[in-house]
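See below for the structure under consideration.
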Amino acid sequence: MERQLLFGCDLFTKTNVANEKQSLDLSNQINDAKEKNILTQGGSNDGCWRSSVRYKSAEWLTNCMLDTASEATIYYAEQDTHFRSLLSKSLNYDYWTNVNEIGSGNVLHSHKFFSSFSGIYYIQGEDTGDLVFYNTQNLMYDCYIKSPFTKKFKMNPKDNSLVLFPSWVPHEVEENKSDRQRINIAFNVTIG
């Protein structure tokens, strides 16, 4: 029997992304930006502060975002000849900060028109609401229950971890029922 990959969608994760000093410095910069309302963006979910601030001394984070996207690009290029034919040598990124208060979440959405990969670096995420991914073919739960990969996939994000996935994947974040904020840097990576 021959096996041919029909469609692929994977979740790439890295843990222990920052050291203690880097994490504390980034947290302090985010808290300062939120307190001073610096570069606040509208159109966010209720109970979520969003900003486009660029943080000082955060090269370690942008390097990790780009390294992870580069690894994912290589992985998919080996499996998808069409994707491989579109590749260039540059990866471009954009990121923004989200601070979700207790009781808030992020509604179902995707980033499919903006980028190749999307991701999230969790400064503080553990037990603040699961990140939930949906198969695009089963958003309305109309697939036969015994078909492969039709259920939604949930993950409880860990503090100081990074996740990356193809931007077309629909995802949401469940309500924050913890006693602390969910603080993350979300990002998109586009293949130049």
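All of the numbers you see were taken from the coordinates with simple rules; none came from a lab. These figures come from a predicted structure and were not determined experimentally. FYI the Cβ positions are ideal-geometry reconstructions off the backbone, even for glycines, and counts take in every protein chain you see.
Straight-line reach from K56: which aspartates and glutamates fall under 14 Å, measuring Cα to Cα and dropping same-chain residues less than 8 apart? Output for K56: D25, D32. Pairs exceeding a 32 Å alpha-carbon distance, out of K89/K146; K112/K177; K34/K158: K89/K146. Only the Cβ atoms of Lys and Arg (+1) and of Asp and Glu (-1) were treated as charged; on that basis the dipole of region 12-191 about its Cα centre amounts to roughly 280 debye. With loop membership from DSSP and a limit of 14 other Cβ atoms within 10 Å, the longest segment of the chain without trypsin sites (Lys or Arg not before Pro) is 4-53. Taking 14 Å as the straight-line reach from the Cα of K152, the aspartates and glutamates in range (excluding those fewer than 8 positions away in the same chain) are D10, D130, D142, E172, E174.
Sequence-distant contacts, meaning Cα pairs under 8 Å at least 6 residues apart, place the relative contact order of the chain at 31 percent.
Look at the dipole of region 31-183 built from charges on Cβ: of L61, Y93, N160, the Cα furthest out on the positive end belongs to Y93.
Ranked from largest, the principal axis spans of the Cα set of the chain equal 59, 39, 29 Å.
Would you kindly state how much longer the chain becomes between E78 and E101 on full extension, computed as 0.36 nm times their sequence separation minus their alpha carbon distance, in nm to one decimal?
4.2 nm
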